[in-house]
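The values are calculated or read from the model by the stated rules, or taken from the named source; none is laboratory data. Keep in mind that this is a model prediction, so the values were computed, not measured. Don't worry about glycine lacking a Cβ; one is built from the backbone with ideal geometry, like all the others, and counts go over all protein chains shown. When the accessible area is computed, the model is the full protein with side chains, heavy atoms only, and any ligands, DNA or RNA have been set aside. Shrake-Rupley method; radii C 1.70, N 1.55, O 1.52, S 1.80 Å.
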Amino acid sequence: MRHVWLLLVGFLLADSSIAGISGCDDLSAIVAAPNVTIDHDIQPIFDNHCIACHGPPDPIAFMDLTLGEQDTVAVPSFQIPELNRVEPGLVSLSYLFFKINCSNQLSGNRMPRDAPPLSLNDQALIRDWINQLLIFKDGFE
């Protein structure tokens, strides 16, 4: 059932006016960066802009961004559990990306709250990291 819901959400998000998401920053002019890693590229963004609220001791929405991929990748979002915080390889279904990229939200506020949006370059790095993530299953190489 989750797969059907995700397909529906993906379809709706393709037309942001239907889904209630609008005001998304256009990152299409920013060329994808190769080999983006959480430790080298993404954690510094989280450290500089996010962990004041999403860090120890009581992270908002139970999302501790000091834990790297452990608390983001393939973990249901607190506000919309049908969407993962980060859906590996699918930025279009990653709730965390919507939270940083769009001014109007399905739920809550754009992040970082009460601060300017992340730079387009930082947003693009997060986009590229999500798109480059793969989860390998047993027997798959």
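Summary of values
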{"read-out": "Subset of the stretch 36-75 (residues that are in a loop (DSSP other than H, G, I, E, B), more than 20 Å from Glu87 (Cβ to Cβ) and β-branched (Val, Ile, Thr))", "value": "Ile51, Thr66"}
{"read-out": "From Leu134, Leu125, residue being open to solvent by 20 Å² or more (accessible area, probe 1.4 Å) and part of a loop (DSSP other than H, G, I, E, B)", "value": "Leu134"}
{"read-out": "Residue match in the stretch 66-75 (condition: on the phi < 0 side of the Ramachandran plot, free of Cβ contacts under 8 Å to residues at least 24 places away in the same chain and in contact with an Asp or Glu (Cβ under 6 Å, 6 or more places away or on another chain))", "value": "yes"}
{"read-out": "Filter pass, Ala33 being free of Cβ contacts under 8 Å to residues at least 40 places away in the same chain, within 15 Å of Ala124 (Cα to Cα) and either in a loop (DSSP other than H, G, I, E, B) or in contact with a His (Cβ under 7 Å, 6 or more places away or on another chain) (or both)", "value": "no"}
{"read-out": "Selection count where residues are more than 9 Å from the chain's Cα centre (by Cα), among the hydrophobic types (A, V, I, L, M, F, W, C) and over 17 Å from Asn35 (Cα atoms), scope the stretch 84-133", "value": "6"}
